[in-house]
Amino acid sequence: ALFAAANGLKCIQDGHMSNVVYDHGIIVSSFSQDFSYGFAKCASNLDRCVSFTTMSIPDFLKLDAGTDNSNFANSIRHQAEGTVSGRCCMSQSDVQKIGVS
């Protein structure tokens, strides 16, 4: 992990966000957005390249990856609700929290 951080780990960072809002069983609004930043340098505390399946945006924002100042995290931070999936830099702690290897 230290070796990767010292050498500037780069990960492909891309993802998908979506949200559907229902009112009494009727869809009142929805959105979907794909984004891709190509290879981007990871912060020193984010020492893993991780592909993750759909999780809630509030849960993602609690991770180290969600509090990072990356374009990936900033794209998600403005959205209070919905889901996100994709590939980004994460910490070992994040990997354990979301249960990927």
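The values are calculated or read from the model by the stated rules, or taken from the named source; none is laboratory data. Keep in mind that this is a model prediction, so the values were computed, not measured. Don't worry about glycine lacking a Cβ; one is built from the backbone with ideal geometry, like all the others, and counts go over all protein chains shown.
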Phe39 fails exactly one of (1) among the aromatic types (Phe, Trp, Tyr); (2) within 17 Å of Gln79 (Cβ to Cβ); (3) over 10 Å from the mean Cα position of the chain (by Cα), namely (2)
Among what's in segment 38-91 and is hydroxyl-bearing (Ser, Thr, Tyr) and touching a helix residue (DSSP H, G or I) at 6+ places or on another chain (Cβ under 9 Å), pick the residue that is surrounded by the most Cβ atoms within 10 Å (Cβ to Cβ).
Ser91
Just to be sure before I move on: is Ile27 modelled with pLDDT of 90 or more, among the hydrophobic types (A, V, I, L, M, F, W, C), more than 18 Å from Ser93 (Cα to Cα) and out of contact with any Pro (no Cβ under 7 Å at 6 or more places or on another chain) in the structure I sent?
no
